[in-house]
Structures are given as structure tokens and as C-alpha cells.
Amino acid sequence: MSTDLTEALDLDAIRDRVDTVLADFLRRPPSTVPSQRGCGDELAQALRDFVLAPGKRIRALLCVLGWQAAGGGDGEEALWRTAASLEIFHAFALIHDDIIDSSQTRRGRPSAHRAFAARHRARPDADVFGIHAAILLGDLALTCSDALMHTAGLTTRQRDTVLPLIDTMRGEVLLGQHLDLMATGGPTDDVEHAMAIARLKTAKYTVERPLHLGAALAGADRELFDLCTAYALPLGEAFQLRDDLLGVFGDPALTGKPVLDDLRSGKATVLMALALRHATPHQRRTLEAHIGRPDLDAEGAARVRHILQRTGARDMVEGMISERYEAALRALDSTMLSPQTLHALRHIATRAVVRTA
């Protein structure tokens, strides 16, 4: 499929091209990837099903837009394979994140560890087996992400700039996950800690680093990297804040995720931290009695949602989203970018914060 990135930016066409690269790669991965040999057909098929399921592909899109912002150039094959590798790495992160969070669903379907457990229900240790198999599936996704990058045909210059960025991105994701894990289980009013998690797990990983990777492939200078950061960090924070609201107030039929998950796990979100910070003593006791309880029911969740609104926490988060969205758009007030790139980045910013899933 040909996608002319120099004339117009058709985001659906970009997604289709990335999906084609992913499907081709996962159908016949390199011999160095044990998807068909050591790990067996079940893992290989599970990875294909997970990666190729419909998704936003926002990281791949932003990688392509970073490349376009820097002027593009030759070597589109390296661009597409790098963008696709981000989506496989994302599969690794999601699979392991669902295990850590004990999430039952992902995108409206059973999470990987629950799907493995269901397929092997005849085993007496089906639940434990499902977790172990999903850990291996995540590891396989990470291996495949590396293999796709190593076969991207990067030049020496590209390798010297792109690979350190990938290492940095991965370190940020792992640190963010660790901070999230340390803060999960009980409510906290530490807004700054919750925002640090959002910045590492979402703003940098979902928006900033994909833009940087695409820009690096095209030989961007420091000024463009700084512009990408000025756009990416507030937008990524707004994206996560919207996720936090959807995790509590969203429609499960649209989000594909039960609204009890974040409350039961005691996720350290800015929403919850603000509610605790502004709660009355009685409201705080109610929140502390309900948040982080694996057996939290719909009635208890309704009480929590009521307090989140009465304390003003929900409205405050909406205000933070608006402020960050406007900051991201202001960062685009630059003559460095083409009209097509500006339009696409503005469109993505709007889609990131004005959404129901």
C-alpha cells in the first residue's frame, strides 16, 4: 500500500499501513523470535490476536507525524517498521499491566491472563497458569518489538539516535509502572505523585517519545524535539486525566472496561487525590473504606462517584484537561510545521481529550 506522506496526512491510511506491517511481520516473524518454535502456536496466535485487535494506534500515528514534522525524507520502510514496533511494545506493556492490576478485561474482551485461564479451565491451576502464560506472552511481545526494530533497516545515524530514545522510553515506562504499583491499594491525596505517574506512563510514553522517535528518524534538530515536548507533555497528561475520568464515570460498553476496576484496585489517580484533599472528614472516611476493596460493589461505587462530584474533584480534573489541551495547542503556534502536520496534530489532540473510550 502506498501512503504519500508528503502531500496529505490521512490518519486512517497511516493506521492501515501500520496494521499491514504488523500483520505481515506477525505472520512470519524472524527465525530469532521463538513464536513458532520454543513457545508454540498458542502463544504466537495469542500475540497476533492481541496486537491486531482494533485500537487507536496513537503511538504509531505520532511516530509518523514526528517524521513528517522533521521533513520526512527517504527510508519510509524504517519509519513504518519503527512505528509498528511501538505497537508491539505497547502490547507487552498492556499484557503485563493487566496482570499487575488483576484486570479482567481489555478492550471489551478478556484480558490475556483471563483468556489463557479460560482456555485451560480443565487444569486445576488454570488461574495461575493463565497468569504465567500471559507473562510469557508479554515477554514474546517485547522480543518481537525488538526483532521488528532490528530489521527496520536503520542507517548508522538513525541507530545512534533512535535506539537510545527507545531505551529511555522503556525505562520511563517501567519507572512509571513501579511508582503506580507502589501507590496502588489504598487512597492517597498526593496529587503530585499521581501526576508523576501520568507523566511517565502516558505523557512521555504515549505522546512525547513516539514523536521524538519519528523526528529522530528524519534527522530533526533540538528545536523540533523541544517543540514536540511542549506539545506532548500537556497533551499526554490530559489524555491520562481523561482516562481516569472514564475509568470511574465512563460507559463500559464504550470503554471496554468495567467501571469498578480502578476503584477496586485503588489506582493512584489525580481524580482520587483531589477528592481526598478536598473531602470532609466524613467523606474521606467513606472513600478510605471503599477504595482499594476487591469486593467493592455497584452501591459502594455509586457512593464514591457521588463524593468525587460533591468535592469538586471531577470538575477540577475537567479543568486540568482543558488547561493542558490549550497548552498543547499553543505549542503548535509555530512556523516550523507544515499545515498538514499542524492539522493532524490538532486533530489528534482533540481526539485524545474529547472522547468516550
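In table form, for the structure just shown:
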| quantity | calculated |
| --- | --- |
| Residues located in region 88-110, provided they are under 18 Å from residue 48 (Cβ atoms), in contact (Cβ under 8 Å) with a residue 60 or more places away in the chain and under 11 Å from the mean Cα position of the chain (by Cα) | 89, 93 |
| Answer from 271, 345, 329, 245 - the residue that is within 17 Å of residue 203 (Cα to Cα), surrounded by fewer than 18 Cβ atoms within 10 Å (Cβ to Cβ) and within 26 Å of the chain's Cα centre (by Cα) | 329 |
| Selection count where residues are in a helix (DSSP H, G or I) and closer than 21 Å to residue 258 by Cα, scope region 287-312 | 16 |
| Hits in region 326-354 - residues which are more than 17 Å from residue 11 (Cα to Cα) and among the charged types (D, E, K, R) | 326, 330, 333 |
| Any hit, region 166-188, residues being assigned by TED's automatic domain parsing to the domain that holds residue 102, farther than 15 Å from residue 90 by Cα and β-branched (Val, Ile, Thr) | no |
| Condition met for residue 253 (assigned to a helix (DSSP H, G or I), over 21 Å from residue 321 (Cα atoms) and modelled with pLDDT under 95) | yes |
| Some residue of region 84-103 being surrounded by fewer than 16 Cβ atoms within 10 Å (Cβ to Cβ) and over 14 Å from residue 140 (Cα atoms) | yes |
| Scope region 313-345; condition in contact with a helix residue (DSSP H, G or I) (Cβ under 7 Å, 6 or more places away or on another chain), over 19 Å from residue 243 (Cα atoms) and part of a helix (DSSP H, G or I); matching residues | 329, 331, 341, 344, 345 |
| Residue within region 111-119 that is aliphatic (A, V, I, L, M) and under 22 Å from the mean Cα position of the chain (by Cα) present | yes |
| Residue in region 145-156 that is touching a Phe, Trp or Tyr at 6+ places or on another chain (Cβ under 6 Å), over 30 Å from residue 221 (Cβ atoms) and of a type outside the set (S, T, N, Q) present | no |
| Verdict on residue 137 being touching a residue at least 40 places away in the same chain (Cβ under 8 Å) and under 19 Å from the mean Cα position of the chain (by Cα) | yes |
| Every residue from region 1-21 that is of a type in the set (Gly, Ala, Ser) and modelled with pLDDT under 50 | 2 |
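The values are calculated or read from the model by the stated rules, or taken from the named source; none is laboratory data. None of these values were measured; they are calculated from a predicted model. With ideal geometry, Cβ positions are generated from the backbone for all residues, glycine too; neighbour counts draw on all protein chains shown.
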